[in-house]
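Student: Let me begin by handing over the structure; questions about it come next.
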Amino acid sequence: MNENSDNNLEALRHTASHILAQAVKRLYPDTKLCIGPAIENGFYYDFFRNEPFTPQDLENITSEMKNIVKENLPVERVEYDRKKAEEILKNEPFKLEILSEIQDEKVSFYKQGEFIDLCAGPHVSSTGKVKHFKLTGVSSAYWRGDEKRESLQRIYGVCFPEKEQLDQYLLTVEEAKKRDHRILGPSLGLFSLQPDFGPGLVYWHPAGATVRKIIEDFWREIHLERGYQLLYTPHIASISLWEKSGHLSFYRENMYPPMNMEQGISYQLKPMNCPFHILIYQTTLHSYKEFPIRWAELGTVYRYEKDGVLHGVLRVRGFTQDDAHIFCRPDQIESEVMEVLDLVMFFLSKFGFTEYEIYLSTRPDKFVGSVENWEKATQALENALKKKNLDYQVDPGEGVFYGPKIDLKIRDCLKRTWQCSTIQVDFNIPERFGLKYVNQENKFERPIMIHRAVMGSLERFFGILIEHYSGNFPLWLAPVQVKILTIADRFIPYGQQVAQLCRENKIRAGVDVSQESLNKKIHMAENEKIPVIVIVGEKEQSTGTVAVRLHKKGRKTVLPLEDFVRNLKEIDRNKSTEIDL
């Protein structure tokens, strides 16, 4: 990466963070500088200041940043020895702390006008290059991410090379606000959170529970079709199980405290399902002929996430993993991974997700298992991706300590990416628990274990779906698929007859029997995001028809009742994301 690269997006955003810091120091000279990196879409800078930044402060800072851009100050990289560096930073305690950890004899700074900052770069050649930016907000942060250290203020901004890109990004942000699942979920009666009685725990309301059941039923259906067997396991176990699996060592800070039960045994809420599946595996001696063994569970787990990271249903403390574990021989890894990729893409496509970012994470510095097994497993994962003609990026050294993995991120309608599916090869748990099977030579051999999830977390997937569709679920997912509106009370019996025929054909339907006007009823059904609105009156009752209105489309079609139900049933069965009646 070249220093002062005007075509480098990271350099542009990094310079924007320095312009932000320069503006803050001009306006509020007593503010102390911390760090200011480039991040995806933008940048931030952390400041230590007794007074909180106000919205008016952000406006003032933005104006000063624009002045700095107009000044078109050259950005210059300079190096100083440690003594000179300490002199420059004598009034910046946080920068001095960073400097103390740098081992080099000389350290690099970047200068623009009167502003100078300890920095490794890269940056663009002048402040005038940073024309299209916007400050987006302030949040709190801790120095070095340590809650025991100083509390800081973090100012965020976004920056793009072209104005059109900035405008498009800001439009996307506004659209994302409209789709926020934390607002839509409760307003549509899907779920609620009750922080006074347990932050990060989801209460599924009838409408949300209906959608959850639909997702779960489909999940079970396609797993059974593809040779999986279903498991159910407890929510707690003796803490000794988590000691043996290694989770207590690696995840203790994210596990709830143990519960002391009878006879001195401490029980632990499960943070993972894996050890339970292992215990089931160990109840029988297995033969190579049985492999692959595919076990799946919608298992609810509990992890203590800090308050600051909880986020609606996307980041919670109690959630349901669509967990599965595949026990196989080494020569079966590749074919099993291909089968999982098929399942993942089929499943996600039914929910409207067809664009992905895929990452292959390889062996980290600290790992368990032999290098030979790691190489075989990594090659098997890579071969599977290539044979499926999938574009992917290698993420060197980012595998988990127990094995390499494939991560798949879906793109939603706003082109945002979400981590959902993962396929992980595990050498650790089979070794810790001494797993074995009888091979072709009648000798014991260690099986390969593959962890995999399609949705990742059902709660998180549900939140993504709400935002992806803005609550306008396709017909097959909608909690209420059809709302029947009667023009007058005397047509309620016919409306109920229509609803009953729908329900007999597994179509979720309800009748609005309120005293509101037809226009008000239509307005209410539209606000409830009902996919299909049926209007019945004298003509429909006498002819055995229904007047159909589709959500957000407004046009009305008259159909014979039997044709209407048959068409809807077919659309529901095919899990189509579009309705064509």
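What follows draws every value from the coordinates through simple rules; no lab data is involved. Keep in mind it's a predicted model, so treat the numbers as computed, not measured. Positions of Cβ are generated from backbone atoms using ideal geometry, with glycine treated the same way; all protein chains shown enter the neighbour counts.
Student: Counting Lys +1, Arg +1, Asp -1, Glu -1, what net charge surrounds Val548 among other residues with beta carbon under 12 Å of its beta carbon?
Tutor: +2
Student: Pick out, from Tyr256, Ser287, Phe347, the residue whose Cα sits farthest towards the positive end of the charge dipole of the stretch 256-383, with +1 on the Cβ of Lys and Arg and -1 on the Cβ of Asp and Glu.
Tutor: My answer, from the dipole projection, is Tyr256.
Student: Using the charge dipole of the chain (Lys, Arg: +1 at Cβ; Asp, Glu: -1 at Cβ; taken about the Cα centre), state which of Phe48, Ser266, Ala11 has its Cα farthest towards the positive end.
Tutor: Value computed over the given set: Ser266.
Student: Can you give the FRET efficiency to the nearest 0.05 for Glu174 and Ile280, using r as the Cβ-Cβ distance and R₀ = 45 Å?
Tutor: E between Glu174 and Ile280, to the nearest 0.05, is 0.35.
Student: Output ³J(HN,Hα) for the stretch 133-147: one whole-Hz value per residue in order, computed from phi by the Karplus curve 6.51 cos²θ - 1.76 cosθ + 1.60 with θ = phi - 60°, and x for Gly and Pro.
Tutor: Karplus values, whole Hz, x for Gly and Pro: 9, 7, 7, 10, x, 10, 9, 8, 8, 10, 4, 6, x, 9, 5.
Student: So if I place +1 on the C-beta of Lys and Arg and -1 on the C-beta of Asp and Glu, and nothing else carries charge, what would the dipole magnitude of the stretch 215-255 be about its Cα centre? I want it in debye, nearest 20. Don't skip to the end; give the middle numbers.
Tutor: Numbers: 4 positive and 6 negative charges, 45 e Å.
I would put it at about 220 debye.
Student: Next question, about the same structure. Return the long-range amide H neighbours of Tyr142 (sequence gap of 5 or more, or a different chain), with a cut-off of under 5 Å between placed amide H atoms.
Tutor: Leu152
Student: Taking mean projected area of the Cα convex hull in nm² straight from the coordinates, which label in (1) 30.7; (2) 34.2; (3) 42.7 is the correct one?
Tutor: (2)
Student: Using 0.36 nm per residue, how much length does the chain from Glu51 to Arg503 gain when fully extended, once their Cα-Cα distance is taken away? Working shown, then result.
Tutor: Working: separation 452, 0.36 × 452 = 162.72 nm, distance 6.07 nm.
Full-extension gain reported as 156.7 nm.
Student: So what's the back-of-envelope 222 nm ellipticity for the chain, counting only DSSP H runs of four-plus at -39500 (n - 2.57) apiece and dividing by all residues, rounded to 500?
Tutor: Calculated from helices alone, the mean residue ellipticity at 222 nm is -11000 deg cm²/dmol.
Student: Could you give me the ³J(HN,Hα) list for the stretch 14-29, computed from phi with Karplus coefficients 6.51, -1.76, 1.60 and θ = phi - 60°, whole Hz, x at Gly and Pro?
Tutor: 5, 5, 4, 5, 5, 5, 4, 5, 4, 5, 4, 5, 5, 7, 9, x
Student: What is the distance, in nm, between label points placed 7 Å from the Cα along the Cα-to-Cβ direction at Ser287 and at Thr62?
Tutor: Once both label points are built, they end up 7.3 nm from each other.
Student: Run the dipole for the chain about the Cα centre, Lys and Arg Cβ at +1, Asp and Glu Cβ at -1, nothing else charged, and hand back the magnitude in debye, nearest 20.
Tutor: Approximately 1140 debye in magnitude.
Student: What list of ³J(HN,Hα) values in whole Hz, one per residue of the stretch 175-186 in order, does the Karplus curve 6.51 cos²θ - 1.76 cosθ + 1.60 (θ = phi - 60°) give from phi, with Gly and Pro shown as x?
Tutor: 5, 4, 4, 5, 9, 3, 5, 5, 9, 5, x, x
Student: Would you work out which of Ser63, Asn527, Leu152 lies farthest towards the positive end of the dipole of the chain, given +1 charges on the beta-carbon of Lys and Arg and -1 on that of Asp and Glu, about the Cα centre?
Tutor: Asn527
Student: Kindly put Cys502, Cys413 in sequence by how many other C-beta atoms sit within 10 Å of each C-beta, fewest to most.
Tutor: Cys413, Cys502
Student: Here's another thing I want to ask about it. If neighbour count is taken as other Cβ atoms inside 10 Å, put Lys213, Lys443, Lys529 in order from fewest to most.
Tutor: By the 10 Å Cβ count, ascending, the order reads Lys443, Lys213, Lys529.
Student: With Cβ to Cβ distances under 14 Å as the rule, what net charge do the other residues near Thr283 carry (K, R +1; D, E -1)?
Tutor: Once positives and negatives cancel, what remains is 0.
Student: So, with +1 on the Cβ of K and R and -1 on the Cβ of D and E, and no other charges, what is the size of the charge dipole of the stretch 9-177 about its Cα centre, to the nearest 20 debye?
Tutor: Here the stretch 9-177 has a charge dipole of around 240 debye.
Student: Between the stretch 3-75 and the stretch 236-287, how many Å separate their Cα centres?
Tutor: 48
Student: Can you sort His14, His523, His468 from fewest to most other Cβ atoms within 10 Å of each residue's own Cβ? Could the numbers behind the result be given before it?
Tutor: Values: His14 25, His523 12, His468 22.
So the residues, fewest neighbours to most, are His523, His468, His14.
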